[in-house]
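The values are calculated or read from the model by the stated rules, or taken from the named source; none is laboratory data. All values derive from a computational prediction rather than experimental measurement. Ideal geometry is used to build each Cβ from the backbone, glycine not excepted, and the neighbour counts take in all protein chains shown.
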Amino acid sequence: MWQTLIAVLGTLAGVGITSGHQARAARTARADARRTEGLEAVTELVARLADHRRIMWMRESIRLDGGDWSAARAESHSSRSAITAPLLRVQLLMPTLADAAQDAAAAAYALRGRDDLTHLAAYREAAIRASDALVAAAGRHLAA
């Protein structure tokens with residue numbers, strides 16, 4: 001009888017240990033998936049911000065030179081719209097980066113309507129710095 005009881009307890013202990021390992025492995029897999037998804041969201045956002053900065057530079061340069069900037073304006077609307085989804089993903093997946101992501105997007109949007117190329121270049125540099133700050137914050141978040 002003792003042997004049976006010991007066998008049953010051993011089996012139960014094995015099941016408990018195995019299910020604990022499986023639960024830990026599942027938590028680790030979910031955390032890894034969230035990290036990967038967060039990294040992809042930040043990567044996409046930074047790329048979209050760079051696209052928008054480039055297009056806004058072209059658009060505003062054409063406008064300041066007095067050229068026809070209607071095509072560039074339409075393209076800038078598309079590039080700004082392309083920021084929305086990755087910005088939302090970053091905010092939802094990595095809430096600690098929400099402020100840095102918003103700052104980077106606002107800095108890219110601020111290129112609009114500058115008075116001259118000097119101011120436009122300064123705002124472009126500020127937008128690049130804000131995007132770099134987002135990348136640095138994401139690196140710190142992912143390293144933690």
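For segment 134-144, the set of residues classified as surrounded by fewer than 16 Cβ atoms within 10 Å (Cβ to Cβ) and among the small types (G, A, S) consists of A136, G139, A143, A144, listed by residue number. Just one of (1) in contact with a helix residue (DSSP H, G or I) (Cβ under 8 Å, 6 or more places away or on another chain); (2) at pLDDT 95 or above; (3) surrounded by fewer than 21 Cβ atoms within 10 Å (Cβ to Cβ) fails for H119. It is (1). From the residues in segment 51-95 that are in a loop (DSSP other than H, G, I, E, B) and among the small types (G, A, S), which one is surrounded by the most Cβ atoms within 10 Å (Cβ to Cβ)? Per the criteria, the residue is G67. Of all the criteria given as (1) modelled with pLDDT under 95; (2) within 12 Å of the chain's Cα centre (by Cα), the one not satisfied by Q102 is (1).
Just the residues that are closer than 15 Å to A108 by Cα and in contact with a helix residue (DSSP H, G or I) (Cβ under 7 Å, 6 or more places away or on another chain), please, taken from segment 62-90. So that I can check it myself, show each step before the final result.
The first filter runs over segment 62-90 and keeps only residues closer than 15 Å to A108 by Cα, leaving 73, 75-84, 86-87.
Once the filter is applied, which keeps residues that are closer than 15 Å to A108 by Cα and in contact with a helix residue (DSSP H, G or I) (Cβ under 7 Å, 6 or more places away or on another chain), segment 62-90 yields R73, E75, S76, S79, R80, A82, I83, P86, L87.
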